[in-house]
Amino acid sequence: MARVAVTVPPSAKRGEIIEIKTLAQHEMETGFRRTQTGELVPRDIITGFVCRYNGVEVFRAELHQAMAANPLIAFTTVAAESGTLEFTWTGDHGYLANQKAEIKVV
Amino acid sequence: MRAAAFFFAVVCVWLQAAEIPLAERRSGYEFMGRETRAMQDDDTTNPALFSLLDGEQLWNRPDGTAARACAGCHGDAAQSMKGIAARYPTVAGGKPINLEQRINACRVEQQRAPAFAYESKELVALTAYVGRQSRGMPIAIEANDATRPRLEAGRALYERRQGQLNLSCSQCHDDNWGKLLAGSAIPQGHPTGYPIYRLEWQGMGSLERRLRNCMIGVRAEPYAYGSPEMVQLELYLMWRARGMKLETPAVRP
């Protein structure tokens with residue numbers, strides 16, 4: 001089971017810019033490395049990340065080789081309304097991770 | 001004239017080879033960039049987080065033929081393991097022993113389970129989890145009758161030139177800390193946050209793994225994992241950092 005961690009402020013003022021930090025546990029094997037016997041280690045990376053705020057996509061990222069293991073993605077959005085932020089990571093070999101966080105906007 | 005120059009050179013060497021005064025010691029943290037420091041400071045962006053969670057799981061999972069978990073004897077790690085990592089390595093029965101070896105000894109003797117391999121994810125995770133319980137506490141290695149011979153052996157190793165580059169640990173970390181080596185700052189070499197998440201490794205690793213990196217760097221043959229030489233060196237380094245605050249699990253570049 002892939003682990004992910006998300007930091008969202010539990011509450012914010014309407015219209016406030018909030019910072020969201022996400023961390024996903026992943027080796028991010030580039031596909032360029034070889035074993036000691038010369039065989040290519042197959043690529044195994046996270047390829048996509050999406051954040052939806054009450055169903056509306058507010059952030060999307062494409063990930064490629066040469067990105068660090070356990071990628072840390074931090075971004076900002078505007079606190080529009082109370083609700084749920086949904087985070088989805090997708091990747092090679094059927095990798096899928098989901099996380100949700102609640103935010104209260106006053 | 002030549003005698004004076006020689007005398008001057010001798011004095012220079014003698015002055016340089018001094019230990020760092022206690023008040024001037026600085027953790028590797030202070031040599032890092034702003035971003036790396038921020039990464040370590042925030043528990044939710046410190047990538048060692050996942051290793052800690054793995055460690056917590058291992059702590060609570062019954063294992064071995066005794067079907068006993070660490071928590072079965074030691075209970076809540078937050079209480080029972082508080083301050084433990086600040087006192088390791090230690091000397092038990094005349095032999096130097098580090099935290100990884102202590103955990104494995106408990107596994108073999110109490111849980112009746114096979115020992116974890118050095119640098120295995122499990123051993124690093126469990127060590128990090130135990131180490132985490134002492135974060136913020138001062139390193140408390142004591143020089144007493146039991147530890148002194150091992151400390152001295154560790155110090156001798158630290159000060160001895162080795163490898164094809166013929167360098168001692170002390171020549172970089174006592175005499176030239178703060179300067180640059182291939183663009184990277186030379187820290188003072190205080191093991192304040194092990195096991196660490198090292199960005200260069202893209203993962204977690206122990207102090208012994210880090211020491212092996214340095215030994216390979218000076219083109220010396222590194223000591224085996226868990227060898228008495230390695231643990232004595234760890235012991236000396238922790239004593240050298242006595243009183244400094246433990247940062248486990250630290251992030252390093």
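The values are calculated or read from the model by the stated rules, or taken from the named source; none is laboratory data. These numbers come from a predicted model, not from an experiment. In this analysis, Cβ positions are derived from the backbone assuming ideal geometry, glycine residues included, and neighbour counts consider all displayed protein chains.
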Residue by residue through the range B:197-212, note down the ones that are hydrophobic (A, V, I, L, M, F, W, C) and within 14 Å of chain A (Cβ to nearest Cβ).
B:LEU199, B:TRP201, B:MET204
Which ones in the range A:13-35 are outside any strand (DSSP E or B) and either within 11 Å of another protein chain (Cβ to nearest Cβ) or out of contact with any Asp or Glu (no Cβ under 8 Å at 6 or more places or on another chain) (or both)?
A:LYS13, A:GLY15, A:GLU16, A:GLN25, A:HIS26, A:GLU27, A:MET28, A:THR30, A:PHE32, A:ARG33, A:THR35
Given the conditions (1) part of a helix (DSSP H, G or I); (2) crowded, with 18+ Cβ neighbours inside 10 Å, report the number of the one that B:THR192 does not fulfil.
(1)
Restricting to the range B:35-47, name every residue that is more than 7 Å from chain A (Cβ to nearest Cβ) and under 15 Å from A:VAL4 (Cβ atoms).
B:ASP43, B:ASN46
Which of the residues spanning the range B:177-199 are among the polar types (S, T, N, Q), farther than 18 Å from B:GLN40 by Cα and at pLDDT 95 or above?
B:GLN188
Of B:GLN57, B:GLN101, which residue is at pLDDT 95 or above and away from chain A (no Cβ under 14 Å)?
B:GLN101
Inside the range B:152-182, can you point out the residues that are part of a loop (DSSP other than H, G, I, E, B), more than 16 Å from B:GLN232 (Cα to Cα) and of a type outside the set (Gly, Ala, Ser)?
B:ARG161, B:GLN164, B:LEU165, B:ASN166, B:ASP174, B:ASP175, B:ASN176, B:TRP177, B:LYS179
Somewhere in the range A:36-46, is a residue of a type in the set (D, E, K, R), in contact (Cβ under 8 Å) with a residue 12 or more places away in the chain and within 14 Å of chain B (Cβ to nearest Cβ)?
yes
Just a yes or no: is a residue in the range B:68-88 out of contact with any Ser or Thr (no Cβ under 9 Å at 6 or more places or on another chain), under 24 Å from B:PRO191 (Cα atoms) and not in a helix (DSSP H, G or I)?
yes
Only one of B:ALA140, B:ALA128, B:ALA115 is at negative phi, hydrophobic (A, V, I, L, M, F, W, C) and assigned to a helix (DSSP H, G or I), namely B:ALA128
Top-ranked residue in the range A:47-88 [being in contact with a Gly (Cβ under 7 Å, 6 or more places away or on another chain) and within 14 Å of another protein chain (Cβ to nearest Cβ); ranked as surrounded by the fewest Cβ atoms within 10 Å (Cβ to Cβ)]
A:GLN65
Within the set of pairs 6 or more residues apart or between chains, which connect a residue that is under 17 Å from B:PRO187 (Cβ atoms) inside the range B:205-232 to a residue that is part of a helix (DSSP H, G or I) with Cβ atoms less than 6 Å apart?
B:LEU207/B:GLU234
